[in-house]
Each structure stands twice: as structure tokens, then as C-alpha cells.
Amino acid sequence: MGWSGWFNLGRPSVGFTGGPATISRNKDVCNIYVWGTDNALWQRAYYNNQWHDWGRHNDGGVLASEPALGSMGPDHEHVFVRGTNNNVWQKYWVLEIEPAGEVSFAVSECVYGWTARYYQSGTHVTVRIQLNPDVGITNDTMNTLRTTWRNGILATWSNRFDCRATNGGRQPIAYDVQWVGSNAHHVVRVQPGPARSNMGLWDTNDTGDVAAHEFGHMLGHPDEYTDAACPARNPVNTGTVMADNTETVARHYNRITGFHGAGHTPAALASEPAEVIPEVAMTLKMIDHLKPESRAATLQRLRGMAEAGAAPDGAEDAEVVFEVSGGAPGERYVYRLGVRGDGAAERRVADETQPGEGGELTHRIDRQLASRVFKAAAEAGLLDDTAPDVPQQYAGELLPDSMIAIITVRDGESARRIAVPADEPATAAANLPGEPADVPMETPVQLPAESVATLRPVLEALRAVEAAL
């Protein structure tokens with residue numbers, strides 16, 4: 001083949017001084033370098049059978065001459081220029097093999113605990129998910145859900161941010177979802193909807209946004225909404241995919257870019273706004289982690305709330321609370337009933353699957369009923385010197401967004417919390433350990449029967465408070 005015609009290859013947006021320098025280190029690559037009028041090095045590259053846009057080397061270098069080029073092999077280039085101090089300066093490029101491999105690490109937050117797993121090659125992340133539908137869910141339904149969920153995940157996570165190297169180079173961070181029948185990173189049971197979902201349990205009414213939220217957990221991200229099971233969580237109410245199923249932000253990509261290279265960081269595209277994280281101040285201390293003298297004094301004050309008569313000093317800071325929460329954002333259920341030592345009581349119910357229902361009640365009950373609640377907490381062992389051994393209680397092995405029940409006794413900033421699994425009647429028999437049992441309160445949620453039996457004194461006392469509201 002002979003000479004072709006001339007092609008216009010343009011120029012940097014700032015223009016350039018002098019002539020171009022070119023190098024072709026192998027048969028598939030050609031690079032043009034010029035001295036920009038802003039005294040920076042500019043480059044245009046030919047690879048993958050096409051020319052790519054002009055790019056500026058944002059490395060702080062200030063040129064005082066046209067560049068000179070050289071190569072020591074098919075995977076190497078170097079550039080020489082005169083600097084403003086009249087010395088010769090050099091920079092070089094060497095092909096870096098993209099890091100690749102399976103990634104797996106444990107995540108623990110409050111009572112929640114799980115393992116993040118995925119495969120990463122360079123800035124491309126693949127998650128293999130095995131969907132196991134319940135009996136009665138058709139293949140057509142599953143095919144529709146696979147499309148909906150994959151599209152939702154990729155729209156939220158993929159090609160939203162770049163990985164920026166220390167030399168200013170950028171590569172897009174891309175994700176893929178592979179539906180597999182074996183060798184999965186994560187196994188998800190699919191149940192008929194509507195229902196409440198968690199990382200390992202989705203339902204046929206779940207949207208792509210819900211799938212994107214649970215996908216975030218598979219990558220190792222905790223929730224970012226307020227949660228009774230995790231009162232010291234920070235940040236919360238962030239307006240992100242991990243809070244309300246909406247957007248990803250730069251910090252959600254830190255681990256991906258760190259795997260790609262030392263010093264690499266996520267870089268937002270022009271369309272991505274900067275995140276503003278709300279300030280959260282939470283100083284809740286666990287009673288069982290206090291020093292012996294402080295723990296004994298705290299428990300004694302709480303026991304004092306069970307005594308008849310006028311409210312003791314500090315009664316407004318003492319509290320017994322029963323809370324249930326669970327479900328992904330958009331389908332969460334929250335039930336809270338609490339009473340303070342001075343008789344102030346509150347009941348709050350919210351169900352995102354049934355907007356407009358629920359609500360909040362506050363009332364001051366008589367001191368005798370308030371003391372009965374603290375006496376019942378003592379009978380259930382919640383005010384003993386050591387925490388009670390409640391059957392089926394959780395200790396950090398719960399998938400995020402799972403439904404959970406929490407009983408808390410609190411004195412100021414010090415609290416003892418007992419967490420046990422919870423579920424709705426339609427699925428409790430299949431999902432709860434042991435036989436399920438109703439809670440003697442105005443919530444449909446069920447707990448393991450053994451847990452209810454141990455906690456019944458305080459649950460019955462709180463039921464009396466609920467009736468008085």
C-alpha cells in the first residue's frame with residue numbers, strides 16, 4: 001500500500017508551539033506529543049484502530065522546549081524536554097499489568113455481619129449472583145426480574161466515576177452482573193412479593209433500585225439510614241444508594257480504586273455533584289463495656305427506677321424500649337415503644353409499603369406503670385450484673401436490611417441492648433430459628449418462641465404501657 005492522503009489531526013484546545021514529536025513503540029500504537037501554549041505536555045494517541053482526543057499531562061511539568069521522544073521496547077516510552085531552569089527533564093511510561101483477582105472480605109457493623117465478594121480486573125468489577133426462586137415463581141417472571149435488576153444495578157453503579165491515577169490518567173469504573181447457577185459470589189433467595197428484602201432475600205416486587213442497594217452490600221458497603229439496631233451508625237441520611245436507593249458517591253469506589261493502584265482515587269464525572277455528609281453526633285456506650293464501678297452504678301440507677309413512689313433523680317434519662325426494624329429502603333418497617341423512668345412514653349409505627357398508615361403517639365403514664373416496666377426488665381435479667389443469655393440473640397452475623405427486634409435499657413448515654421431475629425407471620429416459620437411466636441404488643445411481627453418466653457415479663461409490661469397511650 002502506498003501513501004495515503006493527508007488527515008487533519010487537530011490540536012490541543014490551547015494550541016501548541018513548535019512542531020510535533022511522534023513515536024510508534026509497536027505496530028498498533030502511535031503517539032503525538034506537543035508543547036502546549038500553556039507550557040504543558042499534550043498528547044494524542046492512536047490505538048484500537050482509532051485516534052483518541054488530545055489530553056493534557058496534568059503532572060505540574062513546565063516545558064521550555066518541544067518534546068523529544070524515545071523507547072526502550074514495545075511497552076515503554078519516555079519524553080525529554082528542557083525545563084525553565086535550562087536542565088533536561090525526563091518522564092516515562094511503562095505498561096502496567098492490570099491487577100486482577102477474586103476479592104473477599106468480612107464486614108461487621110453493630111449486629112450485622114456478612115462477607116463481601118466480587119471479581120475485579122483493573123477498574124472492572126464483576127459480581128456473580130445465583131438467584132433461587134421459591135416454588136411457584138415462573139421462568140418468565142425470573143427472566144423479567146433479571147433484566148430489571150441488572151439494569152437497575154448498572155445504571156446506579158457503573159460508569160459513574162473514574163479511577164484517577166497519580167499521574168492524572170483516568171479510567172472508567174465499570175460493573176457487571178452475571179446470573180449464574182453455580183460458583184456464585186452471592187446466593188439470593190427470591191420470594192413472592194410484596195415482602196421485605198435484605199441482601200440475601202429479594203422479592204418479585206423489588207425494583208432495580210432495591211437491587212442496586214443490596215448490590216452495594218455485596219460490594220461491602222454498610223447501610224446509611226438511621227436504624228434502631230445500629231444507633232451509632234455514621235454517616236446516616238446521606239441521600240445515597242445505601243440510604244435511600246438513589247445515587248452512588250465517590251467514597252463508594254475507594255476500595256475499587258485502591259485495589260487498582262497505590263494512590264489511585266475515585267474521580268467524579270462532570271455530571272456528579274460533590275457529596276455533603278451530614279454531621280452526626282452519637283455517644284452511646286455499652287453498659288457491659290464500662291469499667292466495673294461505672295457499670296455497677298449504672299445498673300443500680302436503672303434498678304432504682306423499679307421502686308414505687310416518686311421518680312428518682314435522673315428518671316428522665318432512664319428508658320426501656322422495644323423496637324423492630326427491617327427491610328430495604330422503600331419497604332422498611334419500624335415499630336418502637338418506649339417508656340422513661342419519669343413516665344414519658346412514646347409509640348411510633350412506620351411501614352413504607354403502606355404510606356399513610358402508622359404514626360406516632362406520646363403520652364405521660366403514671367409513675368406506678370413506669371416502675372412496673374423497669375421491674376419487669378429486672379425480672380427478665382436485663383438489669384443483672386451481666387447481660388442475660390437470651391435464646392437466639394444475634395451477635396454480628398445478620399445480613400444487612402434483615403428484620404430484627406431490639407430491647408434496650410438505657411441510662412443516659414449508657415445502654416444494654418439485646419437483639420433477636422424477627423419476621424412477619426407469612427414468612428416467620430421459614431425464616432426464624434425454632435418455632436415462631438407472637439409478640440404481646442400491637443405489631444404483627446413474630447420472634448423465636450424461646451426469645452419471647454425469656455423476654456415476656458418486659459414485653460407484657462410494655463403492652464400495658466401501649467394500652468395506656
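Values quoted throughout were computed directly from the atomic coordinates according to the rules given, and no laboratory measurement underlies them. A quick note: this is a predicted structure, and the numbers were derived from the prediction, not measured. Note: ideal-geometry Cβ built from the backbone for every residue, glycine included; neighbour counts use all protein chains shown.
Compute, for the chain, the length of the dipole vector about the Cα centre, with Cβ point charges of +1 (Lys, Arg) and -1 (Asp, Glu) only. Units Debye, rounded to 20.
Computed about the Cα centre, the dipole is about 1560 debye.
Positive end of the charge dipole of the chain (Lys, Arg +1 and Asp, Glu -1 on Cβ, about the Cα centre): tell me which of Gly239, Ala297, Ala345 has its Cα farthest that way. Working it through, the farthest residue towards the positive pole turns out to be Gly239. Only helices enter this figure: runs of n ≥ 4 DSSP H residues, each worth -39500 (n - 2.57), summed and divided by the residues of the chain, yield -6000 deg cm²/dmol at 222 nm to the nearest 500.
Among the listed values (1) 22.9; (2) 26.4; (3) 25.7, the one computed from these coordinates for Kirkwood radius over Cα pairs in Å is (2). Once Rg and the Kirkwood radius are both taken over the C-alpha atoms of region 184-230, their ratio Rg/Rh works out to 0.97. Charge tally around Arg44: other residues with Cβ under 13 Å, Lys/Arg +1 each, Asp/Glu -1 each, net +1. The ranking of Thr353, Thr144, Thr156 by Cβ neighbour count inside 10 Å, starting from the fewest, reads Thr144, Thr353, Thr156. In terms of the mean number of neighbouring beta-carbon atoms within 10 Å, the peptides 382-391, 170-179, 10-19, 355-364 order highest first as 170-179, 382-391, 10-19, 355-364.
Assign one of three labels to region 315-469, namely rounded, prolate or oblate, based on the Cα gyration tensor with a ≥ b ≥ c the square roots of its eigenvalues; rounded applies when a/c is under 1.5, prolate when it is not and a/b is larger than b/c, and oblate otherwise. Since a/c reaches 1.5 but b/c is at least a/b, the shape of region 315-469 is classed as oblate. Using C-alpha pairs below 8 Å separated by at least 6 residues, the relative contact order for the chain is 11 percent.
The order of the peptides 340-347, 430-437 by mean Cβ neighbours within 10 Å, most packed first, is 340-347, 430-437. Projecting each Cα onto the charge dipole of the chain (Lys/Arg +1, Asp/Glu -1 at the beta carbon, about the Cα centre), which of Trp202, Ile32, Asn431 comes out farthest on the positive side? Result: Ile32, furthest along the dipole toward the positive end. For region 35-98, the square roots of the Cα gyration tensor eigenvalues, ordered a ≥ b ≥ c, give a/c of at least 1.5 with a/b no greater than b/c, which places it in the oblate category.
Considering only alpha-carbon pairs that sit under 8 angstrom and 6 or more positions apart, the relative contact order computed for region 342-411 is 22 percent.
Peptides 238-245, 64-71 ranked from most to least packed by the mean count of surrounding Cβ atoms within 10 Å: 238-245, 64-71. Cysteine residues of the chain whose Cβ has no partner cysteine Cβ closer than 4.7 Å: Cys30, Cys163. For region 147-265, the square roots of the Cα gyration tensor eigenvalues, ordered a ≥ b ≥ c, give a/c of at least 1.5 with a/b no greater than b/c, which places it in the oblate category.
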